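Take a look at the structure below.
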Amino acid sequence: MPEHSPEPPDPTRARQALLSRTALGVFRLNGQFLSLSEELARPAGLTAAWWQVLGAVVHEPLPVAGIAREMGITRQSVQRIADLLAAKGLAEYVPNPAHRRAKLLRPTEAGRAAIARINPGHASLATRLAAELGETAFAETARVLERLTAALDTLNHEPPEEPTPTTT
């Protein structure tokens with residue numbers, strides 16, 4: 001009687017499993033980072049979302065649409081947070097030389113001071129995480145996540161592929 005060899009693994013299913021593992025891992029990481037960010041931002045009188053928007057403009061003022069693109073969140077969400085930050089005196093809108101209607105958001109001195117209050121906790125967490133992962137693995141993790149983000153950005157700008165018909 002001939003020996004029956006197992007079917008070779010289906011590469012499409014294997015890739016789907018990898019995509020699912022990656023997505024679930026990123027979703028969990030997102031929750032962990034949001035929780036840590038809330039803890040770090042709270043003593044400075046900020047929320048994680050406020051810190052995220054202020055952090056996007058700490059080095060250079062940006063329009064709301066630019067912040068949304070950079071952060072991967074909706075323009076409407078950024079607009080709501082930017083308006084709250086401006087109302088609380090943590091950020092301000094300034095004229096945009098490139099576009100009359102799309103003002104730029106920048107932190108005020110109070111906003112910069114709030115971010116500065118977060119820095120010691122942020123530095124401590126970074127040091128602890130580097131000790132846990134190792135410096136090389138920590139840097140590689142950042143590179144892999146940046147590559148994944150770039151790849152997904154590329155795929156989001158391409159038309160979806162038609163499924164390949166299978167024969168049975």
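Here's the yes/no breakdown for (1) surrounded by 14 or more Cβ atoms within 10 Å (Cβ to Cβ); (2) outside any helix (DSSP H, G or I); (3) of a type outside the set (D, E, K, R); (4) at pLDDT 95 or above:
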{"residue": "Leu85", "(1), (2), (3), (4)": "yes, no, yes, yes"}
{"residue": "Gly111", "(1), (2), (3), (4)": "yes, no, yes, yes"}
{"residue": "Gly121", "(1), (2), (3), (4)": "yes, no, yes, yes"}
{"residue": "Ala131", "(1), (2), (3), (4)": "no, no, yes, yes"}
{"residue": "Thr149", "(1), (2), (3), (4)": "no, no, yes, no"}
For this session: State whether one or more residues within region 98-106 are closer than 17 Å to Glu38 by Cα and in contact (Cβ under 8 Å) with a residue 40 or more places away in the chain.
Result: no
For this session: Within region 133-143, count every residue that is open to solvent by 70 Å² or more (accessible area, probe 1.4 Å) and either small (Gly, Ala, Ser) or within 16 Å of the chain's Cα centre (by Cα) (or both).
Result: 1
Exercise. If we only count helices (runs of 4 or more DSSP H) wholly inside region 7-79, which ones have 3 or more residues that are within 14 Å of Ile115 (Cβ to Cβ)?
Worked result: 11-41, 48-57
Seminar exercise, completed: Filtering region 88-109 for residues that are open to solvent by less than 90 Å² (accessible area, probe 1.4 Å) and modelled with pLDDT of 95 or more leaves a count of 10
Exercise. Which residue pairs have Cβ atoms under 7 Å apart, sit 6 or more places apart or on different chains, and have a first residue in region 8-37 that is open to solvent by 70 Å² or more (accessible area, probe 1.4 Å) and a second that is assigned to a helix (DSSP H, G or I) and of a type in the set (S, T, N, Q)?
Worked result: none
Exercise. When you go through Ala126, Ala49, Ala102 one by one, which is the residue that is under 23 Å from Asp153 (Cβ atoms) and under 17 Å from the mean Cα position of the chain (by Cα)?
Worked result: Ala49
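The values are calculated or read from the model by the stated rules, or taken from the named source; none is laboratory data. Since this is a predicted model, take the numbers as computed values, not measurements. When we count neighbours, we look across all protein chains shown, and the Cβ atoms used for this are built from the backbone with ideal geometry, even at glycine. Side chains included, ligands, DNA and RNA excluded: accessible areas come from the protein's heavy atoms. Shrake-Rupley method; radii C 1.70, N 1.55, O 1.52, S 1.80 Å.
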